[in-house]
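Below is one structure, written out as structure tokens; the observations come after it.
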Amino acid sequence: MTSTPKDVGEKNKWRSQEPKSQWHHLPVEIVQRIFELAATSTSTALVLSLVSRTVLEWTLPVLYRTIVIRDHRDLANFKAAIGSRARKKCYHHTIRNLYLPKEMRLFIPQEFLSLEHLAFSPFSPGDYSSLPPFPSLTHLTVYEPRECIFLHLPSFQSITHLYIASRDKITHHVPGIVTHASIPNLTHFVCHIFTTVSPWIDEGLRKLLTWFHGFEKLRVVGLAPMTFDQTRGFEPDTSIQIGSLLRRIEHEGHPKMVLIHLDFDVTVWENWCHGQENVWELAERLLLEQSMLEPRLERLTVKHQSDT
């Protein structure tokens, strides 16, 4: 059955009465921001990148803000992408966060001037001796580090936030890995510590707490207590308290020190980069809560003493 001119006219009449899209009335900056927020989902970003060249240019910086390399195949694809003529400059100015697995040597092109957060496991100082300074690099996550001098290089002078995510005798290794002069701008530091009762461990804790005082700008010190069980392996120690720990090792501690409970893997790191509370924010929040609680405890102690 074919449509008559009358039927066509009726359809056009109803179409003219349908609400029109308001997109063309919005400022382009708002439209761009909407697309950027939608692109925080990787699957959505991939779909949006097919809409138009303009939308592609808007979504690429969000899509490639965080890069997680999980194996050598990922690394090969990554090198191919950043080496392409069409998108080379875009990638260099887009990537903010980069994660490399522990079996992979450090790979950071010199053009990555926008890199802010790096997560990697160091091999030896020779692998990083040619690294240029990265002016935007402020956050560094180092997991399973070996005793080396990689952090003494100019590439890491701008670091303000450092998390050493290791369970292997880290209490004793930290002062040998990081010197006060190598990261002069350090403000937030987090690492794991062993709390098992042992003269060797207690001595390492005393050295670590004394070492903290050499950083003039340090505002937050987060210590993640760990114990070792023959059956379960390494696990957070939720029973230890700051006061009892300091009394045991006979040390005054650090005024900005707080105990935190956490574990680390690539999924956790990736969540930090996508806006979830990261390890430094957690330590800072707990330190604030601790500072607000201490005066109340002091008042309660004074009141109890006066009552007795």
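Among the candidates 225, 255, the residue that is open to solvent by less than 20 Å² (accessible area, probe 1.4 Å) and either out of contact with any helix residue (DSSP H, G or I) (no Cβ under 9 Å at 6 or more places or on another chain) or not β-branched (Val, Ile, Thr) (or both) is uniquely 225. One residue is enough: does the stretch 67-81 have a residue meeting the conditions modelled with pLDDT under 80, of a type in the set (Asp, Glu) and closer than 27 Å to residue 268 by Cα? No; the residues of the stretch 67-81 include none that is modelled with pLDDT under 80, of a type in the set (Asp, Glu) and closer than 27 Å to residue 268 by Cα.
The test for being open to solvent by 50 Å² or more (accessible area, probe 1.4 Å), assigned to a helix (DSSP H, G or I) and hydrophobic (A, V, I, L, M, F, W, C) does not hold for residue 75. Do we have any residue at all in the stretch 59-71 that's farther than 28 Å from residue 121 by Cβ, touching a residue at least 12 places away in the same chain (Cβ under 8 Å) and in a helix (DSSP H, G or I)? Checked against the condition, which is being farther than 28 Å from residue 121 by Cβ, touching a residue at least 12 places away in the same chain (Cβ under 8 Å) and in a helix (DSSP H, G or I), the stretch 59-71 yields at least one hit. Going by the conditions given, is residue 119 open to solvent by 60 Å² or more (accessible area, probe 1.4 Å) and either at pLDDT 80 or above or out of contact with any Lys or Arg (no Cβ under 6 Å at 6 or more places or on another chain) (or both)? For residue 119, the condition - open to solvent by 60 Å² or more (accessible area, probe 1.4 Å) and either at pLDDT 80 or above or out of contact with any Lys or Arg (no Cβ under 6 Å at 6 or more places or on another chain) (or both) - is not met. On the stretch given as the stretch 262-291, residues that are at pLDDT below 90 and either aromatic (Phe, Trp, Tyr) or not in a helix (DSSP H, G or I) (or both) total 9.
All of (1) at pLDDT below 85; (2) assigned to a loop (DSSP other than H, G, I, E, B) hold for residue 173 with one exception: (2). Hey, residue 220 hits all of (1) touching a residue at least 60 places away in the same chain (Cβ under 8 Å); (2) open to solvent by 10 Å² or more (accessible area, probe 1.4 Å) but one; which does it fall short on? For residue 220, the exception is condition (2). Any residue in the stretch 233-252 that is assigned to a loop (DSSP other than H, G, I, E, B), at positive phi and open to solvent by less than 80 Å² (accessible area, probe 1.4 Å)? Checked against the condition, which is being assigned to a loop (DSSP other than H, G, I, E, B), at positive phi and open to solvent by less than 80 Å² (accessible area, probe 1.4 Å), the stretch 233-252 yields no hits at all. Inspect all residues belonging to the stretch 130-142 and state whether any of them is outside any strand (DSSP E or B), at pLDDT 75 or above and polar (S, T, N, Q). Taking every residue of the stretch 130-142 in turn, at least one turns out to be outside any strand (DSSP E or B), at pLDDT 75 or above and polar (S, T, N, Q). Checking 55, 47 one by one, the residue that is more than 26 Å from residue 143 (Cα to Cα), at pLDDT below 85, in contact with a Ser or Thr (Cβ under 8 Å, 6 or more places away or on another chain) and not in a loop (DSSP other than H, G, I, E, B) is 55 and no other.
The values are calculated or read from the model by the stated rules, or taken from the named source; none is laboratory data. Model, not experiment: these values are computed from the prediction. Here the Cβ is made from the backbone with ideal geometry for all residues, glycine too, and neighbour counts use every protein chain on show. For accessibility, only protein heavy atoms count, side chains too; no ligands or nucleic acids. Shrake-Rupley method; radii C 1.70, N 1.55, O 1.52, S 1.80 Å.
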